[in-house]
Amino acid sequence: MSVGFIGAGQLAFALARGFTAAGILAAHKITASSPDTDLPTVSGLRKMGVNFTVSNKDTVKSSDVLFLAVKPPIIPFILEEVGPDIEPRHIVVSCAAGVTISSIEKSWVISPGFLQTWCSVSAGAAFGTLIRCMTNTPVIVREGATVYATGTHADVEDGKLLEQLMASVGFCTEVEEDLIDAVTGLSGSGPAYAFTALDALADGGVKMGLPRRLAVRLGAQALLGAAKMLLESEQHPGQLKDNVCSPGGATIHALHFLESGGFRSLLINAVEASCIRTRELQHVADQETISPAAIKKTLLDKVKLESPSLSVASTSKVSLFTNKSPGGKKN
Amino acid sequence: MGVNFTVSNKDTVKSSDVLFLAVKPPIIPFILEEVGPDIEPRHIVVSCAAGVTISSIEKKLSTFCPTPKVIRCMTNTPVIVREGATVYATGTHADVEDGKLLEQLMASVGFCTEVEEDLIDAVTGLSGSGPAYAFTALDALADGGVKMGLPRRLAVRLGAQALLGAAKMLLESEQHPGQLKDNVCSPGGATIHALHFLESGGFRSLLINAVEASCIRTRELQHVADQETISPAAIKKTLLDKVKLESPSLSVASTSKVSLFTNKSPGGKKN
């Protein structure tokens, strides 16, 4: 089985590193592509032995499982570019936060440019298999958290194949698509909450006299151990917390400070904010308009320069996910 | 588990080479009184009691044994899943090999390193109490997931997995946690929106407060013990009445303050 990544950024790098470390895939069976060869992750991928190319089409051709590992606003452009090369054998996995299965499938179905390809294929196998997935960066150390939802034409086996891949780099389970934005807020963004907490815990240790390296090490080890205890326990986190708090002891004194400051509420706010923002971005994309400024931010100028088949209106809003006949593209 | 259980502390001492004192800090002096006579030069006595200093233990044991090997240790509950965080400091008569033996033991259940004793209270505040901060955070993260529509079990699972994975990334990376945080925050994306809420609420400060509070409380408890007085009320709370009833060699004044960590000749015990 060969795996391809459209996009060679943090996510592609983390997944490639995780898969190779897990031994489930050899590096030479992985291809990654990006028009931007200056990304720091590109050299990392090369060092791993992953095949790197600037041609997204090459990635599609050499892959069975194709991960779309680009930022959400780029997804429609990628689909336009490589759509014709996607065959029924492909399992396309979108990792883009907030991008719905229906928006991707809609773009496959209705573009006349694609119909020429689809028409030559039997109706029952007309479309590539699509799976939507939300994972997180700790796949890089094989402790990721992944959920996926299968698209209209995906078989049970396609889902199980993806699950096998993602389970090699952490926890993986299937969910209904409507839960994925909430998962984004919790485990998608979760590592950032943890890194912030770990920085602060280390500061606390240093304030009380510990050398920085030791403080970082002890804080991370304490969080890791506690999380593992919870995962392996049937007990409620509140019960586990009680078990660590001896009467009048140091820990319950510390906990009072957390509660006084609304510690729990801040974390609920964070999960909520990330989930809501994900839904906002999805809504913006579904409205099928995106401003040129947003596109510039996501290096689309570079894509435009290097892919003559794509063109983007620079002075007016661009329509995404709509029909474009080859002669009808704006310029 | 197959562990030999006994109600006799003396039996435990006799059948052990490495002896962990795994009782709450106020009980330590009573234990030392009770089993002190049975401690031999071969024993390595490891105190896991928060805030109890090596010197206080050595002072107590030296009435029974001229060169007691004492090691002070601070660990945490995740040793149960072999991901503990442990530090230790060796006492006056403990050799390098004794320290290494303990380190070997504790390294089998997580991270273990030797430190100077004056750092141990800070370690208590950070990794000793740390799991409680994590369990609180995990409860809240699950609440957040449930608020946004996830079933509880899945929310607990994903939250714990996200924290575990992030902690492991940091342990295996040379990068600063701030850099790792940057890497997860795409421009205008969901994560940086979430982070703003954490910062607005002083999230980092709460955690610094917690580490500090736990450390300070640990030092307070040590100071109370060093003052060598403890009220009967405190003793009652720690089930010492039961100890008193079952160990006739120990007696505790019930109406006046008790002296700890002082020499008592067998005939001179209060009653």
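Among beta bridges from DSSP that stay inside region B:1-154, the antiparallel ones total about 25%. Applying the Karplus relation 6.51 cos²θ - 1.76 cosθ + 1.60 with θ = phi - 60° to region A:56-67 yields 3J(HN,Hα) values of 4, 5, 4, 4, 4, 5, 9, 10, 9, 9, 10, 8 Hz, where x marks Gly and Pro.
The mean sequence separation of alpha-carbon pairs under 8 Å and at least six residues apart, normalised by the residue count of region B:9-115, gives a relative contact order of 21 percent. Find how many whole Å separate the alpha carbon centroid of region B:6-54 from the alpha carbon centroid of region B:59-121. Spelled out, the Cα-based centre of one part sits 13 Å from the other. A simple rule links phi to the HN-Hα coupling: the Karplus curve 6.51 cos²θ - 1.76 cosθ + 1.60 with θ = phi - 60°, which for region A:234-249 gives 8, 7, 5, x, x, 5, 4, 5, 4, 5, 8, 9, 7, x, x, x Hz, with x for Gly and Pro.
Per-residue Cβ counts within 10 Å, from other chains only, averaged over A:144-152: what number is that?
Across A:144-152, the average partner-chain Cβ count within 10 Å equals 2.
Accessible area per residue for region B:9-115, computed on protein heavy atoms with a 1.4 Å probe, is 41 Å².
Interface B-A: total buried accessible area of about 8900 Å², 1.4 Å probe, protein heavy atoms only.
Counting only residues at least eight positions apart within a chain, or on another chain, the aspartates and glutamates with an alpha carbon under 19 Å from that of A:K47 are A:D36, A:D38, B:E172, B:E174. Per-residue mean of foreign Cβ neighbours for B:174-183 is 5 (Cβ atoms of other chains, 10 Å radius). At 1.306 mPa s and 10 °C, plugging the Kirkwood radius over alpha-carbon pairs of region B:9-115 into Stokes-Einstein gives what diffusion coefficient in µm²/s? Result for D is 115 µm²/s.
Longer than 18 Å from Cα to Cα, which of A:K207/A:K241; A:K29/A:K57; A:K228/B:K168; B:K14/B:K59 are they? Say none if no pair is. The answer is A:K207/A:K241; B:K14/B:K59. To put it simply, the accessible area of region B:1-137 at a 1.4 Å probe is 56 percent carbon and sulfur. Using the Karplus relation 6.51 cos²θ - 1.76 cosθ + 1.60 with θ = phi - 60°, the per-residue 3J(HN,Hα) values for region B:150-159 come to 7, x, 4, 4, 5, 5, 4, 4, 5, x Hz, with x marking Gly and Pro. Per Stokes-Einstein, at 37 °C and 0.692 mPa s, what whole-number D in µm² s⁻¹ belongs to region A:172-219, with the Kirkwood radius over Cα pairs as the hydrodynamic radius? My calculation gives 262 µm²/s for D. The contact residues of region B:196-221, meaning those that lose at least 50 Å² of 1.4 Å-probe accessible area when all protein chains sit together rather than their chain alone, are B:F197, B:L198, B:F203, B:R204, B:L206, B:L207, B:I208, B:E212, B:R217. Using a simple spin-label model with pseudo-atoms 7 Å out from Cα toward Cβ, B:R82 and A:H153 lie 4.7 nm apart.
The values are calculated or read from the model by the stated rules, or taken from the named source; none is laboratory data. If you're wondering where the values come from, they're calculated on a predicted model, not measured in any experiment. Here the Cβ is made from the backbone with ideal geometry for all residues, glycine too, and neighbour counts use every protein chain on show. Areas reflect the complete protein model, heavy atoms only, side chains present, ligands, DNA and RNA absent. Shrake-Rupley method; radii C 1.70, N 1.55, O 1.52, S 1.80 Å.
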